[in-house]
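See structure below.
The values are calculated or read from the model by the stated rules, or taken from the named source; none is laboratory data. Given the structure is predicted, the values throughout are model-derived calculations rather than measurements. Cβ coordinates were reconstructed from backbone atoms using ideal geometry, including for glycine residues, and neighbour counts include every protein chain displayed. Only protein heavy atoms, including side chains, enter the accessible area calculation; ligands, DNA and RNA are left aside. Shrake-Rupley method; radii C 1.70, N 1.55, O 1.52, S 1.80 Å.
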Amino acid sequence: RCVVIGRNAAAWGNHVPELELFAPATTKPRSQPWNPAAEPLQKRDGPAPHAIIGKTAAIERARRLVERVAGYSEPVLFLGEPGTGKEYFARRLHELGNGAKGPFVTVNCDTYAGDRSDMSLFGEAGALERAKGGTLFLNDILSLPKPLQSQLAATLCGESKSSSTFRVVSATSGRMQDAVNSGAFRADLYFHLSCLLYTS
């Protein structure tokens, strides 16, 4: 058994026999309760990398898949339940890819649902233009309205015929194939996003 006795510092006073057992030999008797030194936080030279940490079979499989496709320019589609870290995996893919020094532009496709079309996707100041040299991340891709699906498919088709200027990464928690079969999602756009990675 391991027995732990907890007291506040004042209650221990000068009687701390554990110091004789665990403290370095050069430690001198103290007149005050022992307080551990606080180590300063180390500063980083940039944003913290999105390293994938986990030991489950699913996490290990997803991590290996990300590392395997990171060096290519093909699009990647992450499939997984809400809260499984699809955007986190997408950022890790960006960091490991050839466009790591470029921008990582996130587009939340559900903001285009209904009458909300104030966020620009195309045009000179649009997300596709800002993602050049980096990664365009389309989150919740199944929420994209059909007219924008058509325009995006045409744009990506033009990108594939020329030298691609950005990598397309998308994510959804829905069933893509079912959406394509029912006509809710364009098959040609699915084709441009069809390199699959599973996060759950």
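Worth a mention:
- Residue list for the range 68-87, restricted to those being touching a residue at least 24 places away in the same chain (Cβ under 8 Å) and farther than 22 Å from residue 133 by Cβ: 79, 80, 81, 82, 84, 85, 86
- Those residues of the range 47-80 which are out of contact with any Leu (no Cβ under 6 Å at 6 or more places or on another chain) and closer than 16 Å to residue 170 by Cβ, in sequence order: 62, 69, 72, 73, 74, 79, 80
- Single match in 135, 172, 199 (criterion: modelled with pLDDT under 85 and open to solvent by less than 40 Å² (accessible area, probe 1.4 Å)): 199
Listed here are the residues, each with its yes/no results for (1) aliphatic (A, V, I, L, M); (2) loosely packed, with under 10 Cβ neighbours inside 10 Å; (3) modelled with pLDDT under 80; (4) under 18 Å from the mean Cα position of the chain (by Cα).
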| site | (1), (2), (3), (4) |
| --- | --- |
| 24 | no, yes, yes, no |
| 35 | no, yes, yes, no |
| 39 | no, yes, yes, no |
| 48 | yes, yes, yes, yes |
| 69 | yes, no, no, yes |
| 80 | no, no, no, yes |
| 83 | no, yes, no, yes |
| 102 | no, no, no, yes |
| 106 | no, no, no, yes |
